[in-house]
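The values are calculated or read from the model by the stated rules, or taken from the named source; none is laboratory data. Keep in mind it's a predicted model, so treat the numbers as computed, not measured. Don't worry about glycine lacking a Cβ; one is built from the backbone with ideal geometry, like all the others, and counts go over all protein chains shown.
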Ligand code: NAI
Ligand code: 15L
């Protein structure tokens, strides 16, 4: 039986998706607590603003207190060196789930990424059961987050909802995004499913209903996700925009794949 979700924490609230979802969820819940390491706009009615570093364990424990559900956007959102990934995405994620466990939080919605599976080919159609195949340290940190969600769901009773988000920006910006794009409206739809559906631990794709999608998102549909947008509407505008790099164009992770790539790509199944 799903708990009534009234008090929500959004991490990464100063970031692109955090700011969009702050506006969209405004007034829909009794409390929306907003947190980021960067300054945020002042709290309005029904909001609390808490500036803190996810790598600060005691601060994150306090952040999670009295919270029913967490939308975890906070972290470094691109490729980085190991120290740059370790604090925000590894230590930060551990702190977040520990805080959720200690607070008795019902669920954590995790902004995972397509870069957790970036080394699948674009010719492959994969679903939520595809094991991670990260295209870098950032993608690996997202795979780790998915595993944290699993541990805390099955062992500690904190429901986990890992969204392997594709490309969530106002519009698709190139041919790749005709497959990977997620509109902000569809992100809100998926978050509502994550906040209210009855599940224990799930992986879903954060993607619109794109004609060219690489991902079988039937698991999200089963839980109630009903995306309304299709990147195909932008095909004439951006369909010709390609990088010219064979690795980038071959693999789902796109531009995250070529840097430091030293293997024989023909050996990747
Ligand atoms: P963003 O980079 O705009 O926002 C991330 C936020 O996390 C920033 O405001 C940053 O200050 C905050 N942050 C970083 N380190 C922190 C720390 N140590 N403590 C507290 N806060 C910290 O990224 P965006 O685009 O808003 O994405 C949100 C989440 O969704 C990220 O986790 C990203 O990895 C994930 N995602 C986003 C996609 C997209 O297309 N926008 C695609 C796939 C995943
Ligand atoms: C991500 O994970 C990044 O956070 C975002 O900035 C985009 O690069 C996105 O993936 C993508 O692959 O388009």
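For the condition in a helix (DSSP H, G or I) and in contact with a strand residue (DSSP E or B) (Cβ under 8 Å, 6 or more places away or on another chain), residue 178 does not qualify. Restricted to the stretch 41-55, and to residues that are within 11 Å of residue 11 (Cα to Cα) and touching a strand residue (DSSP E or B) at 6+ places or on another chain (Cβ under 9 Å), which residue is nearest to ligand 2 (Cβ to nearest atom)? Result: 54.
One line per residue, one yes/no per condition, for (1) in a loop (DSSP other than H, G, I, E, B); (2) within 13 Å of ligand 1 (Cβ to nearest atom); (3) surrounded by fewer than 21 Cβ atoms within 10 Å (Cβ to Cβ):
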| residue | (1), (2), (3) |
| --- | --- |
| 139 | no, yes, no |
| 144 | no, yes, yes |
| 147 | no, no, yes |
| 152 | no, no, no |
| 163 | no, yes, no |
| 232 | no, no, yes |
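Taking the conditions exactly as written (at pLDDT 95 or above, out of contact with any strand residue (DSSP E or B) (no Cβ under 9 Å at 6 or more places or on another chain), within 16 Å of ligand 1 (Cβ to nearest atom) and within 24 Å of residue 21 (Cα to Cα)), does residue 114 satisfy them or not? It would help to see each step written out before you state the result.
On the way: at pLDDT 95 or above: yes; out of contact with any strand residue (DSSP E or B) (no Cβ under 9 Å at 6 or more places or on another chain): no; within 16 Å of ligand 1 (Cβ to nearest atom): yes; within 24 Å of residue 21 (Cα to Cα): yes.
Answer is no for this residue.
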